[in-house]
Amino acid sequence: MASEKNNVTLEKIVSLCKRRGFVFPTADMYGGLNGVYDFGPLGYAMKQNIKKMWTKQLSLVDHDIVMIDGAILGHHAMWSASGHVDSFSDPMVDCLICKKRYRADEINLEKACVHCGNHSWTEARQFKLMFETQIGAMSDAASTGYLRPETAQSIFVNFKNVLGSSRVKIPFGIGQIGKAFRNEITPKQFLFRMREFEQMELEFFCKPEESDSFFDFWKSERYLFYKQLGLDMERIRFRDHAENELAHYSKKCTDVEYEFPFGWKELEGIAHRGSFDLQQHIDHAKKDLSVFEEATRQSYVPHVVETSVGVDRLFLTLLFDAYREDTVDGESRTLLRLHPAIAPVQAAVLPLVKKLDTEAHKIIKHLKKHGYAVQYDASGSIGKRYRRQDEIGTPVCFTVDFETAEDGKVTARNRDTLEQVRIPIDELDHYLQVLMAA
Ligand code: ATP
């Protein structure tokens, strides 16, 4: 099936996000901070739903997966051992005329500066991406710490802690959702490249001889995840890294890419990291991170398959994918065709007139008790209220009308099909359950 054209642009998404309370530039009233954003009520709710779906999918695989919540402030020695202190950097060039700064690997240095039209560049030099800070009152090399640029390292340094304290055995995974910070040279495209963002990472530990098949296993799991999110799979592709793209320690790597309006870009990285990370910590911390296998009476350092996706980048992807504009009854509307389990509001309850308020609130209370995010809206015509909900992706509106008191039913109006059906109030919970599981 060909992908539906949806006329979406970055500007439309940014504007909708601000207008409806998904995302605001941070410290807006002071002019914002480049690459840093605050999530408003709807953005917060949608982010929570994304994280819930990610965690749920992990919990359903046939292997043990446990979660941790590591510290954001990181030890100098840990980031040194991982290789980040020395080499977590991007190449940077400046235009000598207008002083605009670029990532050297993102532009063509044979061409002129797109900002001023001149062709005069500085030499490319490495720009360190980690945010450095001093921990404690002393300001010397020993007190230098870092805001983590990825969540993965706290998983590796806790590998033995988790193995020794939980009832898990190889093969098993440790997952983590948390903030990461990178002093990106050119934050851009809204939530696509930020300086403060959130990651959902899984490090899956296995026997070396099983690592190739687990790499394939995780690739297919991740494919299913995006399918379950309801993304247009024509706009998703899995791109295997060529030999010369791979990090020296990495055996295989696949980027999950999405076709954004600004091109095919990485959404998630799936990497076969071998024993590199654990071995680095074994060498630097002089601690044994190998595991002993009873059957063969031998020790080995497990291999790792990593899957890593940015919450914010996925959030942006879902908005791009869900955005539609159409005309209903001669009026134009904008809608987000989000999966019901991702939509920030799952149902709106709309009393036809103010007089029906009490009944509407009873329904809201009932649905909230069952764990649904519900919104009440009594202002303006019903058509206007539907459009307000369509724009934030609410999959269904329940209208309370004069017959509700008599037949105990409300009218359910579907965001995508516009179909309207009468449903008994005591079946609303089931109705929503079916919708969310679709
Ligand atoms: P890129 O090539 O886009 O800089 P990367 O290969 O450095 O990304 P990873 O280190 O593999 O990214 O990070 C894993 C995931 O974290 C990415 O696929 C992306 O979803 C997310 N991510 C990385 N950097 C950012 C950022 N600056 N802003 C938002 N999300 C990010």
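Where both bridge residues fall in the chain, DSSP classifies roughly 85% of the beta bridges as antiparallel.
Each semi-axis of the equivalent ellipsoid for the chain is √(5λ) with λ an eigenvalue of the Cα gyration tensor; in descending order they amount to 43, 29, 20 Å. All C-alpha pair distances within region 53-154, sorted into 5 Å bins from zero, spread as 2, 11, 15, 12, 10, 11, 13, 11, 8, 4, 2, 0 percent across the bins. Taken over the Cα atoms of region 21-74, the convex hull encloses 113 Å³ per residue. Spin-label model, Asn34/Met436: points 7 Å from Cα along the beta carbon direction are separated by 4.2 nm.
Please work out the FRET efficiency for the pair Ala124 and Thr26, using the Cβ-Cβ distance as r and a Förster radius of 41 Å; give the result to the nearest 0.05. Let's see the in-between values first.
Details: r = 30 Å, r/R0 = 0.74.
So the FRET efficiency works out to roughly 0.85.
Lysine pair count for region 1-154 with Cα-Cα distance under 30 Å and sequence separation of 8 or more or different chains is 22. The protection proxy used here, the mean number of other Cβ atoms lying within 10 Å of each residue, ranks peptides 342-355, 104-117, 210-223, 312-325 as follows, highest first: 312-325, 342-355, 210-223, 104-117.
Between the helical axis of 10-19 and the dominant principal axis of the chain, each derived from Cα atoms, what acute angle in degrees is found, rounded to the nearest 10? Tilt of helix 10-19: around 60 degrees.
With springs connecting C-alpha atoms under 10 Å apart, model the chain as a Gaussian network and identify which of Met138, Met78, Met67 has the largest mean-square fluctuation. Sorting by GNM fluctuation, first place goes to Met138.
Rounded to the nearest 20 debye, the dipole size of region 232-308 about its Cα centre is 280 debye, using +1 on the Cβ of Lys and Arg and -1 on the Cβ of Asp and Glu. Relative to the longest principal axis of the Cα atoms of the chain, the long axis of helix 311-322 lies at roughly 40 degrees. Remark on region 304-403: Rg and Dmax equal 16.4, 61 Å (Cα only). Cα centroid separation, region 70-145 to region 164-228: 24 Å.
Inter-label distance, Glu331 to Val114: 3.9 nm, where each label sits 7 Å from its Cα along the C-beta direction. Each pair of Cα atoms in region 66-115 enters the Kirkwood radius, and Stokes-Einstein at 10 °C and 1.306 mPa s then converts it into a translational diffusion coefficient of 112 µm²/s.
Remark: region 351-437 is approximated by an ellipsoid whose semi-axes, taken from the C-alpha gyration tensor as √(5λ), come to 17, 17, 13 Å, largest first. Helix 211-228 axis versus longest C-alpha principal axis of the chain: approximately 20°, rounded to the nearest ten. Put in line by how crowded their Cβ is, counting other Cβ atoms within 10 Å and starting with the fewest, Ile50, Ile185, Ile97 read Ile97, Ile185, Ile50.
Label zone (Lys365, point 7 Å along Cα-to-C-beta; backbone nitrogen cut-off 16 Å) within region 395-433: 426. Spatial offset of region 5-56 relative to region 360-389 amounts to 22 Å, using the alpha carbon center of each. The Rg/Rh ratio for region 268-357, using Cα coordinates for both the radius of gyration and the Kirkwood hydrodynamic radius, is 1.37. Seen from every direction in turn and averaged, the convex hull around the alpha carbons of region 174-278 projects onto 7.9 nm². Once the Cβ-Cβ distance of Asp69 and Asn6 is raised to the sixth power relative to R0 = 41 Å, the FRET efficiency obtained is 0.65. Rounded to the nearest 20 debye, the dipole size of the chain about its Cα centre is 1020 debye, using +1 on the Cβ of Lys and Arg and -1 on the Cβ of Asp and Glu. For region 127-230, a/c is not less than 1.5, where a ≥ b ≥ c are the root eigenvalues of the C-alpha gyration tensor, and a/b does not top b/c. That puts it in the oblate class. Taking a point 7 Å from the Cα of Leu246 along the Cα-to-Cβ direction, none of the residues of region 188-231 has its backbone N closer than 11 Å to it.
Each value in this text was obtained by applying a stated rule to the coordinates, not by laboratory testing. Given the structure is predicted, the values throughout are model-derived calculations rather than measurements. For neighbour counting, all protein chains shown are included, and Cβ atoms are generated from backbone atoms with ideal geometry for every residue, glycine included.
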